Amino acid sequence: MIPDTVVPQWWSATATWRLLRCPASATPARAPVKPPGQAVDNAGSMAHLALQAWAESGEWALPDPGTRLQERFDEVAAAHQTDPVRMPQGVVTRARLKTRAKQIAEIFSGANADIHSEVLLRDGRNNLFGIVDIVGHGSDGFIVDLKTGRDTSAKFSPAVEHQMTFYAHLFQAAYGKFPKYVIVFSLQRGPEEIQVSPSAVAALLDRIRAAQLSERTEARPEADTCRFCPRRMTCEPHWDAAPDWERPDAIEGTIDKIERSTSGTAALLIGGRWLTGVAEDRLPDSIAPGKFVRAVRVQLRSDGEPEEWAAGGTTLVRISPET
């Protein structure tokens, strides 16, 4: 019997990817649950909701599935009082949904499977779980993951291959059979099948088990691993390594000056380097000259004197130590 004081650890695809790449960044969950609903404030999240409703309702079988998927996108936007025309990538995402719908509809129609969206799959034996965008459960079972963000134009990265191999295992654990198709649906390239074998799944599980038994305090800083790491602000090995990356995206230092604009953005002079375009609502309330800050997910625009860095939609600025 497990003592009451032992907190269960459940591992997602993202958490296990971090565990294998940088153990210090890996954070398991206490239970296999879906995350709370996120704000629908970008074209990618709207596309996910539209595709899920379209797939589960069987609208992919209509004579013109693309038009209906595009309408679903418009309905999601209206429900959240969002105008895709004013949203970055909103117009192109809407157009790509219509263009790509027929391809994914052909996959659905060719499979003998019941289709569901946002499916929580679990492996209780190994405490692994994941939420899969689209699952087809039947004799021709399949899993589909929608990619709408930065990774839409790239070939499958090791992280995507890890994710889909992980999901294939969860499908087998949940339904007792291996999926016939493992598909990544990129809005830019269309649906592409990933070849996942049972032997690849077994090898991945062995690596995960070995990593779970090893020391999990070691940090292995790399640009792609660190970019969205939740421990990034306080990870000193990361701050030691980041300046030497090919494309560093983090700066730190004491604030020398703050300039605010009427458009709701601010420019910070940090250790003699300008960071411009920071949204006011992303700044800590106690920010002021003399404070030591760290900023991540920023881009070097000019290496002149002084250097100029630009903030973006995912930039974070934090006072260090955080207060």
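The values are calculated or read from the model by the stated rules, or taken from the named source; none is laboratory data. What you see is a predicted model; the values in this text were computed from it and never measured. We place every Cβ from the backbone using ideal geometry, glycine too, and count neighbours over all the protein chains shown.
Can you find a residue in segment 59-72 that is surrounded by 17 or more Cβ atoms within 10 Å (Cβ to Cβ) and under 27 Å from Gly312 (Cβ atoms)? No, because not a single residue in segment 59-72 is surrounded by 17 or more Cβ atoms within 10 Å (Cβ to Cβ) and under 27 Å from Gly312 (Cβ atoms).
Looking at this structure, is Phe185 in a strand (DSSP E or B) and over 22 Å from Val33 (Cα atoms)? Against the criterion (in a strand (DSSP E or B) and over 22 Å from Val33 (Cα atoms)), Phe185 qualifies. Here the strands (runs of 3 or more DSSP E) wholly within segment 248-319 that include at least 3 residues being touching a residue at least 12 places away in the same chain (Cβ under 8 Å) and among the β-branched types (Val, Ile, Thr) are 250-260.
Say whether the condition of being within 24 Å of Arg30 (Cα to Cα), assigned by TED's automatic domain parsing to the domain that holds Gln70, surrounded by 14 or more Cβ atoms within 10 Å (Cβ to Cβ) and in contact (Cβ under 8 Å) with a residue 40 or more places away in the chain is met by at least one residue in segment 97-112. Taking every residue of segment 97-112 in turn, none turns out to be within 24 Å of Arg30 (Cα to Cα), assigned by TED's automatic domain parsing to the domain that holds Gln70, surrounded by 14 or more Cβ atoms within 10 Å (Cβ to Cβ) and in contact (Cβ under 8 Å) with a residue 40 or more places away in the chain. For segment 153-174, the condition holds for at least one residue, the condition being that it is among the small types (Gly, Ala, Ser), over 28 Å from Gln212 (Cα atoms) and surrounded by fewer than 18 Cβ atoms within 10 Å (Cβ to Cβ).
For (1) over 19 Å from Val144 (Cα atoms); (2) not acidic (Asp, Glu), each residue gets a yes or a no:
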| residue | (1), (2) |
| --- | --- |
| Asp74 | yes, no |
| Val85 | yes, yes |
| Thr93 | no, yes |
| Arg96 | no, yes |
| Thr99 | no, yes |
| Gln103 | no, yes |
| Ala113 | no, yes |
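Residues in segment 10-24 include at least one that is in a loop (DSSP other than H, G, I, E, B), more than 16 Å from Asp133 (Cα to Cα), in contact with a helix residue (DSSP H, G or I) (Cβ under 6 Å, 6 or more places away or on another chain) and touching a residue at least 60 places away in the same chain (Cβ under 8 Å).
The set of residues in segment 25-38 that are small (Gly, Ala, Ser) and without any contact (Cβ under 8 Å) to a residue 24 or more places away in the chain comprises Ala31, Gly37. Residues of segment 167-182 that are of a type in the set (A, V, I, L, M) and assigned to a helix (DSSP H, G or I): Ala168, Leu170, Ala173, Ala174.
Test Pro88 against the stated conditions and say whether it is in a loop (DSSP other than H, G, I, E, B), assigned by TED's automatic domain parsing to the domain that holds Ser186 and either surrounded by 14 or more Cβ atoms within 10 Å (Cβ to Cβ) or without any contact (Cβ under 8 Å) to a residue 60 or more places away in the chain (or both). It is false that Pro88 is in a loop (DSSP other than H, G, I, E, B), assigned by TED's automatic domain parsing to the domain that holds Ser186 and either surrounded by 14 or more Cβ atoms within 10 Å (Cβ to Cβ) or without any contact (Cβ under 8 Å) to a residue 60 or more places away in the chain (or both). The residues listed here are Ile208, Ile251; of these, the one that is in contact with a Phe, Trp or Tyr (Cβ under 9 Å, 6 or more places away or on another chain), modelled with pLDDT of 95 or more and within 19 Å of Pro28 (Cα to Cα) is Ile208. A single entry from Ala95, Ala105, Ala111 fulfils the requirement of being closer than 18 Å to Leu51 by Cα and in a loop (DSSP other than H, G, I, E, B): Ala111. One residue stands out among those in segment 283-299 that are of a type in the set (A, V, I, L, M, F, W, C) and modelled with pLDDT under 95: the one that is surrounded by the fewest Cβ atoms within 10 Å (Cβ to Cβ), which is Ala288. For segment 137-154, state whether one or more residues are small (Gly, Ala, Ser), modelled with pLDDT of 90 or more and not in a strand (DSSP E or B). Scanning segment 137-154 turns up no residue that is small (Gly, Ala, Ser), modelled with pLDDT of 90 or more and not in a strand (DSSP E or B). Filtering segment 105-124 down to residues that are more than 25 Å from the chain's Cα centre (by Cα) and aliphatic (A, V, I, L, M), which residue is modelled with the highest pLDDT? This residue is Ala111.
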